[in-house]
Amino acid sequence: MSAVVMTRTHVVPRGATALERASIRIAEAVARWAIARAELREDRREAMLAAIQAEQTRRPDPLATAHLLSQMGLRR
């Protein structure tokens, strides 16, 4: 998850009406919601990429050594 910090705080002007104050609060809430969604999407993407990478990595065959030794006529 990325570390996003809201660095700007909105200062409500002294003569702001109730509608203006409410609008500023709503805008801040929408911005927090959008950032949270983007972070969740990024986390899901990273998890999916990690799963794909783990699936695509080649796993060693546990019988490969025995097979090679048997081809040479030796036992394990």
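What three numbers, in Å, describe the spread of the alpha carbons of the stretch 11-76 along their principal axes, ordered from the longest?
Taking max minus min along each principal axis of the Cα atoms, the stretch 11-76 gives 93, 14, 9 Å.
By average Cβ neighbour count within 10 Å, what is the ranking of 31-39, 44-52 from highest down?
Those peptides, ordered most packed to least, come out 31-39, 44-52.
Bear in mind these aren't lab numbers, they're just calculated from the coordinates by the rules spelled out. Keep in mind that what you see is a predicted model, and the values were worked out from it rather than measured. Heads up, the Cβs are rebuilt from the backbone with ideal geometry, glycines too, and the neighbour counts pull from every protein chain shown.
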